[in-house]
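Written out below as structure tokens is the structure these notes cover.
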């Protein structure tokens, strides 16, 4: 009992410090992990070897591999090329521009980290808005929301998906058959709602539509040869993801192998490439794994799983899944979806060990974590990045503004996902 109480206090205090932003979240999470191990050694419930075993290296390997590929592609100007191409195709029509930038951001977010996508696309969006003489806010918020939504579609599109796939042995094709159809419908709902919410801004006539037609996307593509090589490697990696079951390969092995092939073919300055890797994210994930491992060793997660099991027994499995989706979404709106997912995975695994059919619950968590992050400005890292970048404009994005736009999108997407989840519940159990 004492071990469980201490472990729970360490985890809750660490989460509070992480999301109160009193300290850098990576530093805080590492201090929390060290404190958890120290408490475990003192009270005898957690050892160093258990802490190392708690780290999911398959997840970290997949993230590192995809980060390396992005680090190779980023300097080529490929992402800026896509944004400028979308702007030129729109011909200054703001609704068309919203749709095209949304599509570009969404497709990229299906295969790259959401944060990376918005970091690269948002500055170009601000530039395009200045050229047109319109506010960038509708496009920036739409890019973040649609990025979060689209990332749910694939195994590698969103960190919670990576975590869930590793824990549940779900494949790339599982996400294409179960998550992608839901995301397509929900994405259309989100886009339609964004058009309605920003209808006044989008109905304005740009000051200079001709300037957009003068933009040359090819000028942004600074290194076509390297971009071509990395894209070939990316396509090969996606092909391997699609056949991973037949080839008996893990997503982490595929991603790291693709990164190695890209490094050999491109031969970049390795030091500069490694500087573009988000090492802080990998350390943050690793520290969270260690803390959650301590919760599991102390018996906290088992007790929580028993409580959840009692609740699950008094309601139909489908209703329990929908409830899980909304609870995860609500938590993800106020706390980043990564720690929520890492903490819930062992709980769901415990449910499976006592006979609960947990296959549908994995999809409920994926949808809740992905769509719930849209609700508030702190709901996902992509939201925070976009809000920070908006400070370069005359109309920065405030938390109140985000709530008026993001919260309706969160509710609409979660409602759409819930209806589809309920209608096709047997399919999610396969």
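The values are calculated or read from the model by the stated rules, or taken from the named source; none is laboratory data. These figures come from a predicted structure and were not determined experimentally. Cβ placement follows ideal geometry from the backbone for every residue including glycine, while neighbour counts extend to all protein chains displayed.
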Between residues in region 125-141 that are at positive phi and outside any helix (DSSP H, G or I) and residues that are surrounded by fewer than 24 Cβ atoms within 10 Å (Cβ to Cβ) and at pLDDT below 85, which pairs lie under 9 Å by C-beta distance while being six or more apart or on different chains? 133/206; 133/207; 133/208; 133/211
Among the residues of region 17-48, count how many are in contact with a helix residue (DSSP H, G or I) (Cβ under 8 Å, 6 or more places away or on another chain), part of a helix (DSSP H, G or I) and at pLDDT 90 or above. 12
Which one of 51, 4 is at pLDDT below 90, over 22 Å from residue 119 (Cα atoms) and not in a loop (DSSP other than H, G, I, E, B)? 4
Any residue in region 388-397 that is out of contact with any strand residue (DSSP E or B) (no Cβ under 8 Å at 6 or more places or on another chain), under 25 Å from residue 185 (Cβ atoms) and either surrounded by 15 or more Cβ atoms within 10 Å (Cβ to Cβ) or without any contact (Cβ under 8 Å) to a residue 12 or more places away in the chain (or both)? no
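Whether any residue in region 55-74 is under 30 Å from residue 200 (Cβ atoms), in contact (Cβ under 8 Å) with a residue 60 or more places away in the chain and assigned to a helix (DSSP H, G or I) is what I want to check. Lay out the reasoning, then the answer.
First, the residues of region 55-74 that are under 30 Å from residue 200 (Cβ atoms): none.
No; the residues of region 55-74 include none that is under 30 Å from residue 200 (Cβ atoms), in contact (Cβ under 8 Å) with a residue 60 or more places away in the chain and assigned to a helix (DSSP H, G or I).
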Would it be correct to say that residue 106 is in contact (Cβ under 8 Å) with a residue 40 or more places away in the chain, surrounded by 21 or more Cβ atoms within 10 Å (Cβ to Cβ), under 20 Å from the mean Cα position of the chain (by Cα) and in a helix (DSSP H, G or I)? yes
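Okay, residues lined up against (1) buried (at least 18 other Cβ atoms within 10 Å of the Cβ); (2) without any contact (Cβ under 8 Å) to a residue 60 or more places away in the chain:
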{"residue": "309", "(1), (2)": "no, yes"}
{"residue": "315", "(1), (2)": "no, yes"}
{"residue": "324", "(1), (2)": "yes, yes"}
{"residue": "329", "(1), (2)": "yes, no"}
{"residue": "339", "(1), (2)": "yes, no"}
{"residue": "342", "(1), (2)": "yes, no"}
{"residue": "345", "(1), (2)": "yes, no"}
{"residue": "363", "(1), (2)": "yes, no"}
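Taking into account only those residues within region 239-249 that are in contact with a helix residue (DSSP H, G or I) (Cβ under 8 Å, 6 or more places away or on another chain) and surrounded by fewer than 16 Cβ atoms within 10 Å (Cβ to Cβ), which is nearest to residue 112 (Cα to Cα)?
As a first pass, look at region 239-249 and keep what is in contact with a helix residue (DSSP H, G or I) (Cβ under 8 Å, 6 or more places away or on another chain): 240-242, 244-245, 247, 249.
Going one step further and asking which of them are surrounded by fewer than 16 Cβ atoms within 10 Å (Cβ to Cβ), we end up with 242, 245, 247, 249.
Details: 242: 16, 245: 22, 247: 23, 249: 20 Å.
The selected residue is 242.
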Hits in region 408-417 - residues which are touching a residue at least 60 places away in the same chain (Cβ under 8 Å) and surrounded by fewer than 23 Cβ atoms within 10 Å (Cβ to Cβ): 408, 412, 416
Being within 26 Å of residue 84 (Cβ to Cβ) and touching a helix residue (DSSP H, G or I) at 6+ places or on another chain (Cβ under 7 Å): is that true of residue 232 here? no
Of the residues 111, 11, 79, only one is buried (at least 16 other Cβ atoms within 10 Å of the Cβ), in contact (Cβ under 8 Å) with a residue 24 or more places away in the chain and outside any helix (DSSP H, G or I); which? 111
